[in-house]
Amino acid sequence: MFVAFTTGGAPGELIIAPPFGTDGHSLFSSAGIPQWGDLVDGFLRKHHLPTWARPIAPPIPNLQPAAGASADTAKEFQRYLASQNYEKAFAVGGAHFTWVSGRPSAQEAIEDAVRECGKSGVSCRPYAINDKLARPARASD
C-alpha cells in the first residue's frame, strides 16, 4: 500500500510502530496518541500542512459508574469513557461488566457488550452507549 501511495506522487514516510496493546488495532485510538502524535505533527510541518501545537483531546464525559460498582469496575468505566474508539458500549450485570469498542454501529456495540458480559452467567444490560448513559428500561419495554 505504501509503494502504491508514493508511486502515485504522494509524499509519505513508512514508520513501523512498536507493539501496542494486544494486537495493535487500537494504536490510532486516543490511548495511542503519545506514540504517533509527534510523528504525524512532524510530517505535517515538514510538508507545510496545518497542524496544532499539541494534540486536541475532547473532554472526557462526566458520567458516574453504576451504583454499587466495585473499584475495578469504576476504574474500567473511566477507561471506557476515555476511549475515543467508537462505536462503544459498557454493559453491567451484578458485579460483572464488559465493554467493547470499534464496532460498526452503536447497536452492534450494545449487543456485543451485553453478550460478552452475559458469558459470566448473569443477566446483563447496557449501562453506557458511546458517551451517554443508556436509557433505563421502562415497564412497557
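Go through 107-114, 85-92, 4-11 and give me the packing order, highest mean Cβ count within 10 Å leading. Provide the component values of the computation, followed by the final result.
Details: 107-114: 19.5, 85-92: 22.6, 4-11: 9.2.
Answer by packing, highest mean first, reads 85-92, 107-114, 4-11.
Between region 83-123 and region 1-49, what is the separation of their alpha carbon centroids in Å?
Between the Cα centre of region 83-123 and that of region 1-49, the gap is 29 Å.
Using the alpha-carbon atoms, what tilt in degrees (0 to 90, nearest 10) does helix 33-46 show relative to the longest principal axis of the chain?
For 33-46 against the chain, the angle is about 30 degrees.
Does anyone have the angle between helix 106-118 and the longest principal axis of the chain? Alpha-carbon axes, 0 to 90°, nearest 10?
The two axes meet at around 60 degrees.
Taking 37 °C and 0.692 mPa s as the conditions, I'd like the Stokes-Einstein D for the chain in µm²/s, using the Kirkwood hydrodynamic radius from alpha carbon pairs.
187 µm²/s
Of Ile33, Ile129, Ile15, which has the largest mean-square fluctuation in a 10 Å C-alpha GNM of the chain?
Of Ile33, Ile129, Ile15, the Gaussian network model singles out Ile15 as fluctuating most.
List the lysines whose Cα sits under 16 Å from the Cα of Lys132, skipping any in the same chain fewer than 8 residues away.
Lys88
Based on Cα coordinates alone, diagonalise the gyration tensor for region 2-46, multiply each eigenvalue by 5, take square roots, and list the semi-axes in whole Å, largest first. Present the calculation step by step, with values, prior to reporting the outcome.
Numbers: eigenvalues 101, 40, 11 Å².
With the √(5λ) rule applied to region 2-46, the semi-axes are 22, 14, 7 Å.
Just the projected area, averaged over all directions, of the convex hull on the alpha carbon atoms of region 34-96: how many nm²?
Here the figure is 5.9 nm², rounded to one decimal.
Does anyone have the angle between helix 71-82 and the longest principal axis of the chain? Alpha-carbon axes, 0 to 90°, nearest 10?
On a 0 to 90 degree scale, this one is about 40.
Write down the radius of gyration of region 71-133 and its Dmax, each obtained from C-alpha positions, in Å.
Looking at region 71-133, its Cα Rg and Dmax stand at 10.4, 30 Å.
Readers should treat all values here as calculations from the given coordinates under stated rules, not as data from a laboratory. The structure displayed is predicted, hence computed values, not measured ones. As a convention, Cβ positions derive from the backbone with ideal geometry for all residues, glycine included, and neighbour counts pool all protein chains shown.
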